[in-house]
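Asker: Would you mind keeping the following structure in view while I ask a few things?
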Amino acid sequence: MTKRLTEVAKKAGVSEATVSRVLNGRDGVSEATRTAVLTALDVLGYERPTKLRGERARLVGLVLPELQNPIFPALAEVVTGSLAQRGYTPALCARTIGGVSEMDYVEMLLDHQVSGVIFAGGSYALADARHDHYRRLTDRGLPVVLVNAGVDELGFPRVSTDDAVAVEQAYGHLRSLGHERIGLVLGPEGHVPSRRKLDAMIQAAGWGEGDDAECVERSSFSMEGARVAATKLVERGVTGIICASDVLALGTIRAARRLGRAVPTDISVVGYDDSAFMTCTDPPLTTVRQPIETMGQAAVDLLVTQIEGAGVLHDELLFEPELVVRGSTAPAPRR
């Protein structure tokens, strides 16, 4: 008990006596101090006293699929900073291979009486994935916001980059450089943002039935998966490749080089995200930038609006991306 008091007092920046007063429900403690103590208790993983468990903490979960892709740490930085400014403590939950699952994280966050959850890149974006844990949040009436497209039936507010505009920008850029054989490296079948990108490409390129079979390959969101997918496109004569993430674009560049092709002289590659260090790759990556700072702040605004009891539209907010032209695209090679 003494150790717990010491740890919570240090975390909350108050005395052990103050922590004891809060845990025992005594008067003489300001609401701000009381909130700080309860939040520290939640963050450190201690159970609240029984009489305090019905109250939600000023704790917000941020659930990410990974931290290796630089776009997710960038989003986490924006969201955690914005939450702190609004008086909430972020609880970062990043999944790892063979580690804690998204479903397990949801259970942990519910146990900690969080005020709400922001998800990015979760199984909500996969049409054939299990979604039961999201419905648990709905059943509890817990505020939730999704970053980027998810399956419609979940009904949560969404903050998304406009995938159609992203593809139109990338495709238009490659066409302006003279590329006629343009392909896509997308995420897995059933990945909603990838499906939107494919629909936009069909519209932009005027593809007929079956055209996408020659010009589209799918991959896990890994460099090795992209290398395998892009190899097939290059071998079919594609000279311009649009990828569903910067990580996939880097795998595509690797594939071209292993086939003896130069980027961008022989193969032009466009990424998606404009995550950190894409100016430092060889060559610097042409990519479609997601407006992560604006989207992260919008996600927090939507969540806090729900937490505070105001009505919120369960529509999707679409943010326009920006094409950033660097060194991985060039005029199509002469035949």
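The values are calculated or read from the model by the stated rules, or taken from the named source; none is laboratory data. None of the values given here were measured: they were computed from a predicted structure. With ideal geometry, Cβ positions are generated from the backbone for all residues, glycine too; neighbour counts draw on all protein chains shown.
Asker: Step by step: first the residues of region 84-97, then only those that are touching a helix residue (DSSP H, G or I) at 6+ places or on another chain (Cβ under 7 Å) and assigned to a loop (DSSP other than H, G, I, E, B), then the one that is surrounded by the most Cβ atoms within 10 Å (Cβ to Cβ). Which residue is that?
Answerer: Per the criteria, the residue is Arg95.
Asker: How many residues does region 235-293 contain that are of a type in the set (Asp, Glu) and surrounded by fewer than 17 Cβ atoms within 10 Å (Cβ to Cβ)?
Answerer: The total comes to 4.
Asker: Going by the structure shown, is Asp42 at pLDDT 85 or above, charged (D, E, K, R) and over 17 Å from the mean Cα position of the chain (by Cα)?
Answerer: Considered against the rule, which asks whether it is at pLDDT 85 or above, charged (D, E, K, R) and over 17 Å from the mean Cα position of the chain (by Cα), Asp42 comes out as no.
Asker: Looking at (1) small (Gly, Ala, Ser); (2) out of contact with any Gly (no Cβ under 8 Å at 6 or more places or on another chain); (3) assigned to a helix (DSSP H, G or I), which is the one condition that is false for Ser275?
Answerer: Single failed check for Ser275: (3).
Asker: Continuing with the same structure: Restricting attention to region 170-182, does a residue exist that is closer than 29 Å to Arg86 by Cβ and in contact with a helix residue (DSSP H, G or I) (Cβ under 7 Å, 6 or more places away or on another chain)?
Answerer: Scanning region 170-182, I find no residue that is closer than 29 Å to Arg86 by Cβ and in contact with a helix residue (DSSP H, G or I) (Cβ under 7 Å, 6 or more places away or on another chain), so the answer is no.
Asker: A further question on this structure: So, of the residues in region 86-108 that are of a type in the set (A, V, I, L, M, F, W, C) and touching a Leu at 6+ places or on another chain (Cβ under 8 Å), which turns out to be nearest to Glu189 (Cα to Cα)?
Answerer: Looking at residues that are of a type in the set (A, V, I, L, M, F, W, C) and touching a Leu at 6+ places or on another chain (Cβ under 8 Å), I get Ala94.
Asker: Also, quick follow-up: Restricting attention to region 132-152, and to residues there that are touching a residue at least 12 places away in the same chain (Cβ under 8 Å), surrounded by fewer than 18 Cβ atoms within 10 Å (Cβ to Cβ) and not basic (Lys, Arg), which single residue is farthest from Glu107 (Cα to Cα)?
Answerer: The qualifying residue farthest from Glu107 (Cα to Cα) is Thr138.
Asker: Looking at region 98-111, is at least one residue within 16 Å of the chain's Cα centre (by Cα), outside any helix (DSSP H, G or I) and modelled with pLDDT of 90 or more?
Answerer: Checked region 98-111: no residue is within 16 Å of the chain's Cα centre (by Cα), outside any helix (DSSP H, G or I) and modelled with pLDDT of 90 or more.
Asker: Would you check which residues across region 196-219 are touching a strand residue (DSSP E or B) at 6+ places or on another chain (Cβ under 8 Å), in a helix (DSSP H, G or I) and among the basic types (Lys, Arg) and list them?
Answerer: Selection gives Lys197 alone.
Asker: Which condition number in (1) of a type outside the set (Lys, Arg); (2) touching an Asp or Glu at 6+ places or on another chain (Cβ under 8 Å); (3) in a helix (DSSP H, G or I) is the one that Leu303 fails?
Answerer: Looking at each condition in turn, Leu303 falls short on (2).
Asker: Filter region 156-196 for residues that are surrounded by fewer than 22 Cβ atoms within 10 Å (Cβ to Cβ), among the hydrophobic types (A, V, I, L, M, F, W, C) and under 15 Å from Val288 (Cβ atoms) and give the result.
Answerer: If the condition is that a residue be surrounded by fewer than 22 Cβ atoms within 10 Å (Cβ to Cβ), among the hydrophobic types (A, V, I, L, M, F, W, C) and under 15 Å from Val288 (Cβ atoms), then Ala164, Val165 are the ones that fit.
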